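The values are calculated or read from the model by the stated rules, or taken from the named source; none is laboratory data. Everything numeric in this text was worked out from a predicted model, so none of it was measured. Please note: Cβ atoms are built from the backbone with ideal geometry, for glycine as well, and neighbour counts cover all protein chains shown.
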Amino acid sequence: MGLLSSHGERRQHLRFPVKLPLDYWEAPDVLTGGLVADISEAGLCIHSVYPIEIGAELKIRVYVVVPEKVILSSQDVFLFVNR
């Protein structure tokens with residue numbers, strides 16, 4: 001039995017796997033890149049090479065690329081939690 005299955009599923013919303021580039025920052029002058037791994041109604045799972053402190057308030061910009069069309073982006077403020 002896997003490690004996650006022994007803890008039970010805590011997610012309340014269906015997640016959809018994606019691979020979307022993102023930028024995030026805590027301070028206006030420190031921009032860091034990452035990847036959105038999955039998305040749900042309640043949030044995002046992101047991957048970063050740098051650790052993110054639980055409780056950190058992040059501004060995140062996610063890029064959605066539509067082939068042969070405009071690159072779309074959305075930006076908002078998120079609170080980082082580890083669920």
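Structural remarks
- Filter result for residue 49 (in contact with a strand residue (DSSP E or B) (Cβ under 9 Å, 6 or more places away or on another chain) and modelled with pLDDT of 90 or more): no
- Flag for residue 15 being charged (D, E, K, R), in contact with a Cys (Cβ under 8 Å, 6 or more places away or on another chain) and at pLDDT 85 or above: yes
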